[in-house]
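The values are calculated or read from the model by the stated rules, or taken from the named source; none is laboratory data. Just so it is clear, the model here is predicted, and its values are computed rather than measured. Note: ideal-geometry Cβ built from the backbone for every residue, glycine included; neighbour counts use all protein chains shown. Note: accessible area is taken over every heavy atom of the protein model, side chains too, but ligands, DNA and RNA are not part of it. Shrake-Rupley method; radii C 1.70, N 1.55, O 1.52, S 1.80 Å.
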Amino acid sequence: VVLRPGGVSRQQDSMGGADGLALASDPGGTLNFLAMVENLQGDSGRGYYLEMLIGTPPQALNILVDTGSSNFAVAGVPDPDVTSYFNTALSSTYKSQGIDVTVKYSQGSWTGVLGTDVITIPKGISGSYTINIATILESENFFLPGVKWHGILGLAYDALAKPSSSVETFFDSIVRQAKIPNIFSLQMCGAGLPVSGSGTNGGSLVLGGIEPTLYRGDIWYTPIKEEWYYQVEVLKLEVGGQNLELDCREYNADKAIVDSGTTLLRLPQKVFSAVVQAIARTSLIQEFSSGFWSGSQLACWDKTERPWSLFPKLSIYLRDENSSRSFRISVLPQLYIQPILGIGENLQCYRFGISSSTNALVIGATVMEGFYVIFDRAQRRVGFAVSPCAEVDGSPVSEIEGPFTTADVASNCVSGVSFHEPVLWIASYALMSLCGIILLVLIILLLIPPRCQHRYTDNDVVNDESSLVRHRWK
């Protein structure tokens, strides 16, 4: 059982071993969770990163921690926006696989080559491990000015790995080689601190289990609905204690995920509009620029003021492992009204830490900075507990409460079976192949040459939005 001061976790069925949680510390072995505490740096505006040693002799790089993608990729050539890169020619253990990989985004992309090399994590699990690494040779709007990281560590499932799910992910490799439990946990400490500030905010990535000093109270778990992103089921939202009264399927259109690589809380358009209206209605500000809500303008107050008292609490209800129950994670305005810029000696400006989305509800850093988040892959669940570092002026800015009944919501708030499931992809490709063969036979039999050829358009290009990179930095 995972022990913590004052008792045990509410979930007492998680024993040590390959299918559960590791003990809180293992000083003599692979796992020493206390050594992993505060192994991250960064901020919510530009991401949290982990120092990693790659190759032989080791080259030190800072790697962005991203639970919304699945490739481990590092800068492989000099770039004006990165201070370091991985020089494969200097590593005697690097082996190129000769496989090109491209990840495209609506506003950015990178192209590289897959290879393997050994890595060690100074403040992580002990030992060296051979990992698939994509060296980024070309990129556009991926590395941005001011970032202090040189690569990305995708911690989601292999279904999102490029160029195919056959590429073993970083964490799968670690679990297999180090024989650690299939679980990791994440704490990001940036509550109330300037977005895109010094980049020295602390954080912890614990590989293989849970560190009791990183949370308070109980851990509440919600099932992972599907293993690609960390997809969860959102049942409802409340603003200032008032239910938005939307159909619960609106919250999961077309998915709800937990993604450390997204800076904001992102909401489907209909949900976003309802949240903005509710916040504007319940806040103490009568007139407020629409540009603030859309993210195009900042709101500024005198530095002696604390504008957070003007705004309501925001609560997200998640389905409990017992499907007839739910629990809610709540963030106070100190987490979603974010300091970003000081003007002169008198003014402090803030941004709205919530934005609209066309394809997902994304629990990003805006919310995650309030919690210690456990990605329990072995038991297919995501856990939330209050983080001790989620405090502003000595007061907690996040809460977890439950259980609540789910009698007032549908038994399933997630849309029907989605097309990205591997079995459906295989079936669809098989059907398309069969149709193609039949069509080819018909053309040959009729001796009719093709009168026109397909002209590829932008609609034929798959835009990989697995990491939602374009939404990370504003």
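State which residue is nearest to Tyr230 (Cα to Cα) when the search covers only region 167-180 and only residues that are touching a helix residue (DSSP H, G or I) at 6+ places or on another chain (Cβ under 8 Å) and part of a loop (DSSP other than H, G, I, E, B). I'd like the intermediate steps shown before the answer.
Our first condition is that a residue be touching a helix residue (DSSP H, G or I) at 6+ places or on another chain (Cβ under 8 Å); within region 167-180, this holds for 167-169, 172, 180.
Those left that are additionally part of a loop (DSSP other than H, G, I, E, B): 167-169, 180.
Details: Val167: 18, Glu168: 17, Thr169: 15, Ile180: 20 Å.
Here the answer is Thr169.
Restricting to region 246-265, and then to whatever is buried (at least 24 other Cβ atoms within 10 Å of the Cβ), of a type in the set (A, V, I, L, M, F, W, C) and in contact with a Lys or Arg (Cβ under 9 Å, 6 or more places away or on another chain), can you tell me which residue is modelled with the highest pLDDT?
Looking at residues that are buried (at least 24 other Cβ atoms within 10 Å of the Cβ), of a type in the set (A, V, I, L, M, F, W, C) and in contact with a Lys or Arg (Cβ under 9 Å, 6 or more places away or on another chain), I get Ala256.
Before we move on, is Gly202 assigned to a strand (DSSP E or B), within 30 Å of Pro80 (Cα to Cα) and in the same structural domain as Cys349 (by the TED database)?
Considered against the rule, which asks whether it is assigned to a strand (DSSP E or B), within 30 Å of Pro80 (Cα to Cα) and in the same structural domain as Cys349 (by the TED database), Gly202 comes out as yes.
Looking at this structure, is Ser173 at pLDDT 95 or above and more than 17 Å from the chain's Cα centre (by Cα)?
Considered against the rule, which asks whether it is at pLDDT 95 or above and more than 17 Å from the chain's Cα centre (by Cα), Ser173 comes out as yes.
Within region 292-303, can you find the residues that are open to solvent by 10 Å² or more (accessible area, probe 1.4 Å) and touching a strand residue (DSSP E or B) at 6+ places or on another chain (Cβ under 9 Å)? Steps first, please.
Just the residues of region 292-303 that are open to solvent by 10 Å² or more (accessible area, probe 1.4 Å), to begin with: 293-303.
Result: Trp293, Ser294, Gly295, Gln297, Leu298, Ala299, Cys300, Trp301, Asp302, Lys303.
Can you go through Glu391, Glu421, Glu399 and tell me which one is among the acidic types (Asp, Glu) and modelled with pLDDT of 95 or more? Outline the logic, then answer.
Values: Glu391 fails: modelled with pLDDT of 95 or more; Glu421 fails: modelled with pLDDT of 95 or more.
The unique qualifying residue is Glu399.
Can you confirm whether Gly383 is assigned to a strand (DSSP E or B), open to solvent by 10 Å² or more (accessible area, probe 1.4 Å) and either out of contact with any Lys or Arg (no Cβ under 8 Å at 6 or more places or on another chain) or of a type outside the set (S, T, N, Q) (or both)?
no
Quick one: which residue in Ser173, Ser165 is of a type in the set (Gly, Ala, Ser), out of contact with any Leu (no Cβ under 7 Å at 6 or more places or on another chain) and open to solvent by less than 40 Å² (accessible area, probe 1.4 Å)?
Unique residue meeting the criteria: Ser173.
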